[in-house]
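Below is one structure, written out as structure tokens; comments come after it.
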4 protein chains.
Amino acid sequence: MAGERKDESGRSRGRPRRAEVDRAVLTAAAELLAERGYAELTIEAVATRAGVGRPTVYRRWPTKDDLAVHALVDAVQPLDAPDTGDALDDLCELAISFVIQLSESPLGRVVLGVHAESGRRPQLAAPLRDRYLKPRDAAITGVIERARQQGALHPDLAAETIRDLLFGPLVYHWLITGEPLDRGTAEALIAAARRAISP
Amino acid sequence: MAGERKDESGRSRGRPRRAEVDRAVLTAAAELLAERGYAELTIEAVATRAGVGRPTVYRRWPTKDDLAVHALVDAVQPLDAPDTGDALDDLCELAISFVIQLSESPLGRVVLGVHAESGRRPQLAAPLRDRYLKPRDAAITGVIERARQQGALHPDLAAETIRDLLFGPLVYHWLITGEPLDRGTAEALIAAARRAISP
Amino acid sequence: MAGERKDESGRSRGRPRRAEVDRAVLTAAAELLAERGYAELTIEAVATRAGVGRPTVYRRWPTKDDLAVHALVDAVQPLDAPDTGDALDDLCELAISFVIQLSESPLGRVVLGVHAESGRRPQLAAPLRDRYLKPRDAAITGVIERARQQGALHPDLAAETIRDLLFGPLVYHWLITGEPLDRGTAEALIAAARRAISP
Amino acid sequence: MAGERKDESGRSRGRPRRAEVDRAVLTAAAELLAERGYAELTIEAVATRAGVGRPTVYRRWPTKDDLAVHALVDAVQPLDAPDTGDALDDLCELAISFVIQLSESPLGRVVLGVHAESGRRPQLAAPLRDRYLKPRDAAITGVIERARQQGALHPDLAAETIRDLLFGPLVYHWLITGEPLDRGTAEALIAAARRAISP
DNA sequence: CGATAACCGAGACGGTACGTCTAGTCTTATC
DNA sequence: GATAAGACTAGACGTACCGTCTCGGTTATCG
């Protein structure tokens, strides 16, 4: 979770790191991200709120990017797909609840901003991809495959394409309006999008 | 373009501002945004590159946010919709070329990031909405209305919804992958999306 | 007095430095030197006590050494030689009162310590020599020459030698005992030293 | 030599301290004092150079002052007085060679600086007096007494005064010039000083 | 011989200060 | 009154050490 120590092999030497410190720092970082956003996140404030010295933060996460990504991933709870039997319904519900949840969380727009910035910073992109996108994508892809086996999806469309067609309109709406997505709007968008992905 | 002067009425007194300074500063800001991103943009660097004193920058754009938004809007060229006769084709082509162009520009992800951050900062949101979103939305809505009159659109869908269904998947794909959108992918997404918005 | 600005020639450009800041910083530095000594002098504390930002201190005196030397020289008042007619008496009195004064000042031992450290640090030595030693040496040498013309000094002894023979024992006594020099002891030492320098 | 252990009475329990560690630390400290001076001496660097953990250093010498004084005393070899029969000659030679030796050693000015600082720090002063000054003073006083019995000294002058009159000028010269004392200068000063202490 | 105690290295910990950088404001001389 | 220059307060940056504390492990004495 925290920055790696040098001696990866065998038993670690010296005093071991306290896990409570990891927690305190990540929690403080997530709170500050929610309150002030990524641009105004300072290591100083994180350390103070966590009741920790600044070097202790740097020891674990050498850059602000590192810390922010880990704090975000740690704070944004994963979503698990429903399973009602109708996989297409499950998929649509997953998209709706996922985007609504994100758009209502104070961390949602931070996640979006970090994604946008990650194009320019590889060190931001790697952990974001591995720790955030991959797990969520796996869940989504699972439901898509279930739906495909139920014959509910257009056979020519790749899973990735289906994902973009369902999640894209919701996320875009939220991005443009800047306000939490309401369920009515979301369902209307999804209702239309279903026509795009049906067989 | 630049920050307002006190005396709005009639002729201003004293030495007039030099328009070249406005241009130099905006150009410098846009370059630095493209090179280093929003987070690493400093007024100091902008002033230096523009060959201008720092207070001269502040006189026009009182905060970094102000400057950044204006520089972005100024730098990202507007896109005018094609008019081939088939308004739905025009609309799709508009979406594709718009997102491709944005995704290929070094400023594209900066625009995205500023959008994401704008949720938290009203002073960022207002000029962004007025100077960036509105003009582009007007162009898009125009084409949508043309298509609607040609009977090419599903009658139950609002213009806003159609916009989300077309642009959303493209932007989302670009956001997630982090790479410039290629035309093949874009056309595949739009081909499916057309089924969602057709009558 | 303070660190030089680049453009020495002609009128300086930009906002001029405030002289009160110079004074506040030097005073704060001298106080802290007296209270805590050279080793525990921190720029941070100086800036805080002077009510000034740290960069403002660094702008004028780029290193702790620079600041300390200037503060010391500024704080230790010069001593002017008496002139009673008998130049040898004047010289002895000068030595006694000079060392007593230094030994009683809380800055005295700091001056001594900085002198000792100056051997290792040229940047400490240069301003110390130019701004502290030279003026005092000039005063002493003046009295010595007066005494020599009155035939009160051994003709074979250089002015430097006479200075060492008179001041050396007093300073050494103070250095070893660690306590302020009392006049009785000083006069006893000088009485003996006079035999060394008499014709 | 090193800091005391709690249980002074009888045999100590537990693993005994390794004497080699004492040596390594003192040597490292003396080297660093010679290379960088007292102000830039850090426990960290001492421990690293000695190949030892930091707590191991603190266990023996709880403060930097403690360590520095012990390292200095340990490193500056004592000088033994010559005995040619003429005690006054012996005394003068002792003064000359003592100051020359000190002024040529890279540790000399450190000793001087620590002396100067010791006025402000009792914990620095005590070990310095006991372990450095006292032994040297005893040797000097011994020769002075021998000289006194040979009738070579002015009967009114205390041993302390004689010490100041002989050593003071040499040390002062070295302190002011900042350069190693050369024998010619030293002998000239002593030749004059002899007139001050002769009967 | 096994328990106990102190040593040793490494390194985490909460801090303090470093010297630098940038923000946003201000003051000056010049245009 | 705009401009270029630059001083100014404020505060974060990332680093170096501080002095203390835990670790795993070692080496002695003592019961």
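The values are calculated or read from the model by the stated rules, or taken from the named source; none is laboratory data. Values in this document were obtained by computation on a predicted structure and should not be read as measured data. Neighbour counts are summed over all protein chains in view; Cβ atoms, including those assigned to glycine, are modelled from backbone coordinates with ideal geometry. Side chains included, ligands, DNA and RNA excluded: accessible areas come from the protein's heavy atoms. Shrake-Rupley method; radii C 1.70, N 1.55, O 1.52, S 1.80 Å.
Remarks
- Meets criteria (of a type outside the set (G, A, S), out of contact with any Leu (no Cβ under 8 Å at 6 or more places or on another chain), open to solvent by 50 Å² or more (accessible area, probe 1.4 Å) and in contact (Cβ under 8 Å) with a residue 12 or more places away in the chain) for B:E160: no
- Some residue of segment D:29-36 being modelled with pLDDT of 95 or more, open to solvent by 10 Å² or more (accessible area, probe 1.4 Å), farther than 27 Å from C:V171 by Cα and acidic (D, E): yes
- The set of residues in segment A:38-75 that are more than 10 Å from DNA strand F (Cβ to nearest atom), open to solvent by 30 Å² or more (accessible area, probe 1.4 Å) and of a type in the set (K, R) contains only A:R49.
- Per the listing B:E179, B:E93, B:E117, B:E145, the residue uniquely under 22 Å from the mean Cα position of the chain (by Cα) and part of a loop (DSSP other than H, G, I, E, B) is B:E179.
- Selection status of B:R59, in the same structural domain as B:T48 (by TED's automatic domain parsing) and more than 14 Å from the chain's Cα centre (by Cα): yes
- Only listed residue being assigned to a helix (DSSP H, G or I) and either open to solvent by 70 Å² or more (accessible area, probe 1.4 Å) or touching a strand residue (DSSP E or B) at 6+ places or on another chain (Cβ under 9 Å) (or both), chosen from D:R109, D:R129: D:R129
- Filter pass, C:T161 being away from chain D (no Cβ under 11 Å), of a type in the set (S, T, Y) and in a helix (DSSP H, G or I): no
- Of the residues A:A95, A:A138, A:A116, the single one that is out of contact with any Gly (no Cβ under 9 Å at 6 or more places or on another chain), open to solvent by less than 10 Å² (accessible area, probe 1.4 Å) and not charged (D, E, K, R) is A:A95.
- When residues in segment A:14-37 are screened for being more than 20 Å from the chain's Cα centre (by Cα) and either within 9 Å of DNA strand F (Cβ to nearest atom) or closer than 17 Å to A:P106 by Cβ (or both), 4 of them pass.
- Residue within segment C:117-134 that is among the small types (G, A, S), under 25 Å from C:V21 (Cβ atoms) and assigned by TED's automatic domain parsing to the domain that holds C:I176 present: yes
- Residues in segment B:164-178 that are open to solvent by 10 Å² or more (accessible area, probe 1.4 Å) and within 8 Å of another protein chain (Cβ to nearest Cβ): B:V171, B:Y172, B:H173, B:L175, B:I176, B:G178.
- Exclusive hit being surrounded by 18 or more Cβ atoms within 10 Å (Cβ to Cβ), at the interface with another protein chain (Cβ under 7 Å from one of its Cβ atoms), in contact with a helix residue (DSSP H, G or I) (Cβ under 6 Å, 6 or more places away or on another chain) and aliphatic (A, V, I, L, M), set A:A186, A:A193, A:A152, A:A147: A:A193
- For segment D:62-85, the criterion of being farther than 21 Å from D:G108 by Cβ, over 18 Å from the mean Cα position of the chain (by Cα) and within 16 Å of DNA strand E (Cβ to nearest atom) is met by at least one residue.
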